[in-house]
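Remarks on the structure that follows.
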Amino acid sequence: MPLMETATLAGGCFWCTEAIFKRLKGVEKVTPGYSGGEMESPSYEAVSSGRTKHAEAIQLEFDPKVISFEKLLEVFFHLHDPTTMNQQGADVGTQYRSVIFYHDDSQKKTAENVVEEINKSGMYKNKVVTELSPFENFYKAEDYHLDYYAKNPSAPYCQVVIDPKITKLYREFGDIAKKDD
C-alpha cells in the first residue's frame, strides 16, 4: 500500500471540487465536508447559513509518488476563481471562500510558492485571495452530498456548473486525469 498524504481544499461548492479531484490519477479518495469553522459536526443547513465560519471543502487522500501537492494546487487554481472573495459564480458567502488548509509546513510553503507564481504570471487580472490556513478540523458532509455529481449528472447545477469544469480539466490536465467512467 502506498504512503498516502492528505490535502484539504475549499474552492466553492464541494460538489464541483469533489467531481474534479476524483478524476485525477493518484487521488485515491475524495470526501466532501466542512472545514475551517468553529462549530463541531455542523450540518449543511448550518454551514449554508454562513454563521459557522466553515467552508465547503474536500479532503483528499493522494499518493505523492503519482501526483504532487503542487500539481493538486495547480489544478485547484485553474478550476475555480481564486480572486473572488467569498464567492464562486452564483454561490456567495463565506462558506464558498477559497482556502488551502495546509497540514504541515511543507504544504504551507508549497501553497505560498504557488500563489506567488500565479500572481506573478498574470494568469488572473486580480490577485489571488485564497486563504492559507493551518488545518484544524474537517467534518464529513451528509451522505447525500457524497458523489453528488455521479449520482445527479442531469441536474441543472451539474450540467451548467460542473460539466464545464470537467471539460476544462480534461482539456488542460488530460495527462493526469483518469479516463471518464
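The values are calculated or read from the model by the stated rules, or taken from the named source; none is laboratory data. In this text the structure is predicted, and so the values were computed from the model without any measurement. Cβ coordinates were reconstructed from backbone atoms using ideal geometry, including for glycine residues, and neighbour counts include every protein chain displayed. The protein model used for the area step is the full one, side chains on, heavy atoms only, and it has no ligands, DNA or RNA in it. Shrake-Rupley method; radii C 1.70, N 1.55, O 1.52, S 1.80 Å.
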Hey, can you tell me all the residues within the stretch 147-181 that are out of contact with any helix residue (DSSP H, G or I) (no Cβ under 8 Å at 6 or more places or on another chain) and closer than 16 Å to His80 by Cβ?
Val160, Asp163, Pro164, Thr167, Arg171
For the subset of the stretch 136-155 comprising residues that are assigned to a loop (DSSP other than H, G, I, E, B) and touching a residue at least 60 places away in the same chain (Cβ under 8 Å), which member is most open to solvent (accessible area, probe 1.4 Å)?
Glu136
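Take the residues in the stretch 156-181 that are more than 13 Å from Phe21 (Cβ to Cβ) and open to solvent by less than 40 Å² (accessible area, probe 1.4 Å); name whichever of them is modelled with the highest pLDDT. Spell out how you get there, then give the answer.
Going through the stretch 156-181, the residues more than 13 Å from Phe21 (Cβ to Cβ) turn out to be 156-161, 163-164, 167-168, 170-172, 174-175, 179-181.
Narrowing further to those that are open to solvent by less than 40 Å² (accessible area, probe 1.4 Å): 158, 174.
Working: Cys158: 95, Gly174: 91.
My answer is Cys158.
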The stretch 157-179 residues that are within 19 Å of Glu74 (Cα to Cα), paired with ones that are at pLDDT below 95 and of a type in the set (Asp, Glu) (beta carbon under 9 Å, 6 or more apart)
Ile166/Asp180; Tyr170/Asp180
Log entry, pairs with first residue in the stretch 98-126 being more than 17 Å from His80 (Cα to Cα), second being not in a strand (DSSP E or B), beta carbons closer than 7 Å, six or more apart or on different chains, reads Tyr102/Lys108; Tyr102/Ala111; Tyr102/Phe135; His103/Phe135; Gln107/Phe69; Thr110/Phe69; Thr110/Glu70; Thr110/Leu73
The lone condition Phe21 fails out of (1) touching a Pro at 6+ places or on another chain (Cβ under 7 Å); (2) open to solvent by less than 10 Å² (accessible area, probe 1.4 Å) is (1)
Restricting attention to the stretch 119-135, the residues that are in contact with a Gly (Cβ under 9 Å, 6 or more places away or on another chain) and either loosely packed, with under 13 Cβ neighbours inside 10 Å or assigned to a strand (DSSP E or B) (or both) number exactly 2
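Determine if the stretch 13-24 includes at least one residue that is in a strand (DSSP E or B), farther than 22 Å from Lys127 by Cα and modelled with pLDDT of 95 or more. So that I can check it myself, show each step before the final result.
Let us first name the residues in the stretch 13-24 that are in a strand (DSSP E or B), namely 24.
Now narrow it down to the ones that are farther than 22 Å from Lys127 by Cα: 24.
From what's left, modelled with pLDDT of 95 or more: 24.
For the stretch 13-24, residues in a strand (DSSP E or B), farther than 22 Å from Lys127 by Cα and modelled with pLDDT of 95 or more: present.
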